[in-house]
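Working notes, beginning with the structure itself.
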Amino acid sequence: MTRRAVITGVGHYLPERVVENAEFEASLETSDEWIRSRSGIERRHFAAEGETTSDLATHAAKAALADAGCEANDIDAIVLATSTADLTFPSAATMVQAALGMTRGFAFDVQAVCAGFVFALSNANALILSGQAKRVLVIGAETFSRIMDWSDRSTCVLFGDGAGAVVLEAQEGQGDSDDRGILSTDLNSDGRYKDLLYVDGGVSTQNTGFLRMQGNQVFRHAVEKLASTANTALDRAGLTAPEVDWIVPHQANIRIIQGTAKKMGLSMDKVVVTVQDHGNTSAASIPLALSIGKQRGQIKRGDLIVAEAIGGGLAWGSVVLRW
Ligand code: UT7
């Protein structure tokens, strides 16, 4: 028998306010047509004034707990991926812990920007495989609307707010790739590319700052690195791309998603796409897509899934799992 970390529940939350591309036409030299054709984005959600990342995360966490049929105090740990925590400290994860009424276990944040959920899932898997936790709530939650420079058309039209969560639970498998649960992971970063995508402020520099991105440079790295990490993780699990049921990619740009699928030799019928409705929600995009993919009836028990993401750092990685 082999211990596996299996997703037993999933949920998401999107703030109420929906902003269509056309809204940006009033304040910026941009168009719905440009945004759609260059990114695939049609609309995104923005958090209300006073609504924070931990608020979004708590809603998503409650939905995932309900889907898994368990209570907050059945959870041993919360791992929350975000680059937009409510406060400098404590972690957004501990705020979610309090909001859920969870009085045991431990909670911490993971910061790997858009690759954050893949890093969080990989860490949660390690907690389960090492016996430190039996049930982990893994959350991706962001309020990127707070770090947008609204005068920069090359970034502010691309991002949105939201949260997604999964319950990851220890189960026994046979030790082969037919097992449910996480079968392999692959994590990478290369700080030489730190200037391609960053926020020009922070605690140590004494201002919050705004997101800055050399979009076309990030784009160039994205397709190549995403296909490569996905294939590495599949190889580690003893699997190949044609066996994959669903690619659940980070939702930054439809052209990156299409390019990665093509490079892996997979058709777009095998890709869960939500970028048109959410924009880029950074660490929230993969759990949001998992939850919506399940809701749409795309993702079913036993399906082989590859989740892959890249973002600031650059940091990138993937997780291969059977649903
Ligand atoms: O989540 C983390 C990972 N992030 C990503 O994966 C983002 C990766 N990058 C991208 O998705 C794309 O590079 C963008 C969508 C950001 C941009 O698409 P692009 O095809 O790479 O365009 P570009 O940056 O090369 O810009 C083309 C033109 C420029 O004008 P000039 O210099 O050719 O005259 C821009 O100034 O489009 C202009 N432009 C815009 N025009 C209208 C940039 N933003 C806008 C805009 N509306 N909002």
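Using the Cα centre of region 2-173 as the reference point, and only Cβ charges (+1 on K/R, -1 on D/E), how large is the resulting charge dipole? Debye, rounded to the nearest 20.
Charge dipole of region 2-173: 720 debye, to the nearest 20.
Which distance in Å, rounded to a whole number, links the C-alpha centroids of region 1-60 and region 74-145?
Comparing the Cα centres of region 1-60 and region 74-145, I get a distance of 19 Å.
When you have a sec, figure out the Kirkwood radius of the chain from all distinct Cα pair distances and drop it here in Å to one decimal?
19.3 Å
Among Gly313, Gly160, Gly116, which one shows the highest mean-square fluctuation when the chain is modelled as a Gaussian network with alpha-carbon springs under 10 Å?
Residue with maximal mean-square fluctuation among Gly313, Gly160, Gly116: Gly313.
Could I have the simple spin-label model distance between Arg301 and Ser177, label points 7 Å from Cα toward Cβ, reported in nm to one decimal?
2.3 nm
Leaving out ligands and nucleic acids, and using a 1.4 Å probe, what accessible area per residue does the chain come to in Å²?
Ligands and nucleic acids excluded, the result is 41 Å² per residue.
With all protein chains present, calculate the accessible area of Asp74 using a 1.4 Å probe and round the result to the nearest 10 Å².
Its accessible surface works out to 60 Å², give or take rounding.
Please give the solvent-accessible surface of Glu243 in Å², to the nearest 10, using a probe radius of 1.4 Å with every protein chain present.
Solvent-accessible area, nearest 10 Å²: 90 Å².
Which Rg and Dmax, in Å, describe the Cα atoms of region 194-233?
Rg then Dmax for region 194-233, in Å: 14.0, 41.
Considering region 1-113, what Rg and Dmax in Å follow from its alpha-carbon atoms?
Both quantities, over Cα of region 1-113: 17.8, 60 Å.
By per-residue mean of other Cβ atoms within 10 Å, what is the highest-first order of 8-16, 202-210?
Per-residue mean Cβ counts within 10 Å order the peptides as 8-16, 202-210.
Which percent of the accessible heavy-atom area of the chain goes to carbon and sulfur, probe 1.4 angstrom?
The value for the chain is 47 percent carbon and sulfur by accessible area.
Take the alpha carbon atoms of region 181-322, find their radius of gyration, then divide it by 2.2 N^0.38 Å using N residues; give the quotient.
Relative to the 2.2 N^0.38 Å estimate, region 181-322 comes out at 1.07.
State, as an integer percentage, the relative contact order of the chain based on alpha-carbon contacts under 8 Å between residues 6 or more apart.
Reported as a whole number, the value is 26 percent.
Provide the packing ranking of 292-301, 225-234, 32-41, i.e. peptides ordered by the mean count of other C-beta atoms within 10 Å per residue, highest first.
225-234, 32-41, 292-301
When the C-alpha atoms of region 74-154 are aligned to their principal axes, what extent does each axis show, in angstrom, from largest down?
48, 25, 16
Can you compute the helix-only [θ] at 222 nm over the chain? Use -39500 (n - 2.57) per DSSP H run of at least 4 residues, normalise by all residues, nearest 500 deg cm²/dmol.
The helix-only estimate for the chain comes to -9000 deg cm²/dmol at 222 nm.
From the protein chains alone at 1.4 Å, what is the descending order of accessible area for Met1, Met268, largest first?
Met1, Met268
What chymotrypsin sites (Phe, Trp or Tyr not before Pro) does region 72-178 have in DSSP loop regions with at most 15 other beta carbons within 10 Å?
Here the sparse-neighbourhood loop sites are Trp150.
Projecting each Cα onto the charge dipole of region 2-173 (Lys/Arg +1, Asp/Glu -1 at the beta carbon, about the Cα centre), which of Val167, Ser145, Thr52 comes out farthest on the positive side?
Ranked along the dipole, the leading option is Val167.
The values are calculated or read from the model by the stated rules, or taken from the named source; none is laboratory data. As the structure is a prediction and not an experimental result, all values here were calculated from the model. All Cβ positions, even for glycine, are placed from backbone atoms using ideal geometry, and neighbour counts span all protein chains on display. Calculation scope for accessible area: heavy atoms of the full protein, side chains included, ligands and nucleic acids excluded. Shrake-Rupley method; radii C 1.70, N 1.55, O 1.52, S 1.80 Å.
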